[in-house]
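The values are calculated or read from the model by the stated rules, or taken from the named source; none is laboratory data. Worth saying up front: this structure is predicted, and the values here are computed from it rather than measured. Cβ sites come from the backbone with ideal geometry, for glycine too, and all protein chains shown count toward neighbours.
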Amino acid sequence: MMYTDKVIDQFQNPRNVGEIADADGVGEVGSPACGDIMKMFLKIENDVIVDVKFKTFGCGAAVATSSVATEMIMGKTLEEAEKLTNSMVVDELGGLPQEKVHCSVLAEQAIKAAIKDYRSKHGQD
Amino acid sequence: MQRRYFDYAATTPLDKEVLAAMIPHLEENFGNPSSVYSYGREAKKAIDEARDKVAHAIGADPKEVYFTSGGTESDNWAIIGTAYAKKKKGNHIITTSVEHHAVLHTCKYLEKQGFEVTYLPVDEYGMVDPKTVEENIKDNTILISVMFANNEIGTIQPIAEIGKIAKDRGVLFHTDAVQALGSVKIDVNELNVDLLSISSHKIYGPKGIGALYIRKGVKIDNLIHGGGQEKKKRAGTENTPAIVGFAKACELAVENLESYAQRSAKLRDRLIHGILESIPEVRLNGHPTQRLPGNVNVSIKYIEGESILLSLDLIGIAASSGSACTSGALDPSHVLLAIGLSHEIAHGSLRFSIGKYTTDEEVDFVLEKLPTIIQRLRDMSPLYNS
C-alpha cells in the first residue's frame, strides 16, 4: 500500500467529519471536475478555534489530509492556524505519495479560506 | 482477512494446469530453441506445438501466429509495423477514442512522425458505429484499429462488420483482442481481421507473453531487430516456458469458453442488478447487452473512485477504478469521458471484473458491504445531500 498507516487510519476513522450549522467561518476549495473538494467549518471564540468540521469529496489522501488538518488546528488561535502549511500536514501523516501532495495543499487552502471568511465577516481583513 | 479478487480484467492468477505444463520447460527442457542439438530441438518442438494451440484458439493458421512479450508489444507492432511498411501508400490511420493506451499512445507517437490519425467517437455505451468507420476512410488510409472489447466498460464492438468494411475498401484491419480472448469466440476469418493482438495473463497464463496474428500475405515492418527468431519477424530468444503456458491457457480457454461465459454473465448480472437496486444514483457504464461476460462498471455519484477502492481493500475486496486519483493523473479515464460522462461522475467509477474463480459468496459479500461503504463516503461528501 502506498499510504502510511497514519493515512489509512485517518481515512478509515476520520476525525471531525460533518458540518457546523452556525459556523463562524466556512471555506471551500477544489472542484468536482478535478475530483477533490474540501469544505471546512470553523467555530471561533476569542480568536480561538473551538470547533472544526470538514466534508470532503476526494481520494483517500484528500480525506486523510482534511481529517488530520482539523486535528492540527483544533484549539489553536487563528494566527497559529494560519501558519499551518501543507508540509506540516504531510509530516503529520508520515508522508504522502508525491502525486497526492496536492491534497495536502487543498487542506491548507481550505483552512485558510475558512479563516478568511471569518475575518471578512468580522471586519478583520 | 479473507481476500476477494474482482480485478480479472487487470490480470488473472496462473492456472494450476498451466503451471504444470510450464514446469518441465523451466527445469529439464531448458534448451535454446535455436540450438541444433536435442535440448534445442525439444524446445523448438514445444514452441511449434504451442503455436498450433494458440492458432486454434483464434481460428488462424499456425504460420500466422507470432509470439511477442504481450498485448502492448502486439499492439505496437501491428500499428507501427503497418505504418512504416505502408507509408508509401498513405499515412492515415483510423482508430477510436476508447482504445487501450497501448494503441492510443502508439498512435500519438506516429502522429509525431508525420502520420495522421482519426480518433472515432463512440456512443453513450462505448460502441463504434461501423458507418462512421466507413465514412472516415480516405484514399491514404492504411490501417483501421478498433478494439474487440473494451477493458474498462466491457463493450464488445461490431468487429466482423468493421472488418468487412475494411476488407471491401482494401484497408488493413487490426483489433486489440486482449480482453476478448477467453470470453468471446474469436475467429480471425469470420472477423475479417488482418492483425489481432492477444495476451496470456488475461486468461490464466503467465505474464510477459502474448501474440500477434498477422494474416498470410500481410507485410508489416519489424519492431524488434536481432536474430532470426519467429521467422525473422521478431527477434529474441523465445521464452519457451511462457509460450507453453500461454498455449495451455489458450487450450483451456477455448475448451471452457461457453461454460465460463455463461457462469460469469450470471454473476455479472447479479452484481449489476444488486448494486443498482441497493445504491441510489448509480449509473451502469458500457453496453447493456453487448458486453464482456465478466465486466461490471458503474459510476457512483458524489464520491470519488479511489476512496471506494481503498475502503473495499480494507475489507479485502480488490477492484478497479477509472478515477484519476488512482493513476495520479489529472483527468479520469479517457473511456468514461468518451462515453459522455462528466468529470465528476467519471471520477466516481468502479470496475468489478469477474473471473473463473469468482464465487456466489464473493458477489454476496460485495453486495452486502458496498452500500455501507458508499453511504459512509457520501455522508462525508460536500456534494451529497441525503
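Here is how the numbers come out for the structure above:
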{"quantity": "Flag if B:Leu370 is more than 24 Å from the chain's Cα centre (by Cα) and crowded, with 21+ Cβ neighbours inside 10 Å", "calculated": "yes"}
{"quantity": "Considering residues of segment B:270-300 that are more than 18 Å from B:Val184 (Cα to Cα), of a type outside the set (Val, Ile, Thr) and touching a residue at least 60 places away in the same chain (Cβ under 8 Å) only, the residue nearest to the other protein chains (Cβ to nearest Cβ)", "calculated": "B:Arg283"}
{"quantity": "Qualifying position, being surrounded by fewer than 17 Cβ atoms within 10 Å (Cβ to Cβ) and of a type in the set (D, E, K, R), among B:Lys219, B:Lys202, B:Lys233", "calculated": "B:Lys219"}
{"quantity": "B:Lys248 being touching a residue at least 12 places away in the same chain (Cβ under 8 Å), under 29 Å from B:Ser34 (Cβ atoms) and away from chain A (no Cβ under 14 Å)", "calculated": "yes"}
{"quantity": "Filtered residues of segment B:340-350 (kept if surrounded by fewer than 24 Cβ atoms within 10 Å (Cβ to Cβ) and either away from chain A (no Cβ under 14 Å) or within 18 Å of the chain's Cα centre (by Cα) (or both))", "calculated": "B:Gly340"}
{"quantity": "Output for segment B:194-207, where each listed residue is of a type outside the set (Ser, Thr, Tyr) and within 18 Å of B:Asn151 (Cβ to Cβ)", "calculated": "B:Leu196, B:Ile198, B:His201, B:Lys202, B:Ile203, B:Gly205, B:Lys207"}
{"quantity": "All helices (runs of 4 or more DSSP H) inside segment B:221-305 with 1 or more residues being hydroxyl-bearing (Ser, Thr, Tyr)", "calculated": "B:240-255, B:257-278"}
{"quantity": "Matching entry among B:Val98, B:Val133 (being among the β-branched types (Val, Ile, Thr), out of contact with any Ser or Thr (no Cβ under 6 Å at 6 or more places or on another chain), assigned to a loop (DSSP other than H, G, I, E, B) and under 30 Å from B:Ala265 (Cβ atoms))", "calculated": "B:Val98"}
{"quantity": "Failed condition for B:Ser264, given (1) within 11 Å of chain A (Cβ to nearest Cβ); (2) under 25 Å from B:Asp364 (Cα atoms)", "calculated": "(1)"}
{"quantity": "Which listed residue, of B:Ala60, B:Ala78, B:Ala83, is in contact with a helix residue (DSSP H, G or I) (Cβ under 7 Å, 6 or more places away or on another chain) and crowded, with 19+ Cβ neighbours inside 10 Å", "calculated": "B:Ala83"}
{"quantity": "Within segment B:1-52, tally of residues that are among the basic types (Lys, Arg) and outside any helix (DSSP H, G or I)", "calculated": "2"}
{"quantity": "Count of segment B:351-386 residues which are modelled with pLDDT of 95 or more, in a loop (DSSP other than H, G, I, E, B), within 14 Å of another protein chain (Cβ to nearest Cβ) and more than 16 Å from A:Cys59 (Cβ to Cβ)", "calculated": "0"}
{"quantity": "One residue from A:Asp9, A:Asp51 being within 12 Å of chain B (Cβ to nearest Cβ) and either over 25 Å from B:Ile317 (Cα atoms) or out of contact with any Lys or Arg (no Cβ under 6 Å at 6 or more places or on another chain) (or both)", "calculated": "A:Asp9"}
{"quantity": "Single unsatisfied condition, B:Lys87 versus (1) free of Cβ contacts under 8 Å to residues at least 60 places away in the same chain; (2) of a type outside the set (Gly, Ala, Ser); (3) assigned to a helix (DSSP H, G or I)", "calculated": "(3)"}
{"quantity": "Checking A:Val17 against (1) closer than 22 Å to A:Met88 by Cβ; (2) more than 10 Å from every other protein chain (Cβ to nearest Cβ); (3) β-branched (Val, Ile, Thr), the condition it does not meet", "calculated": "(2)"}
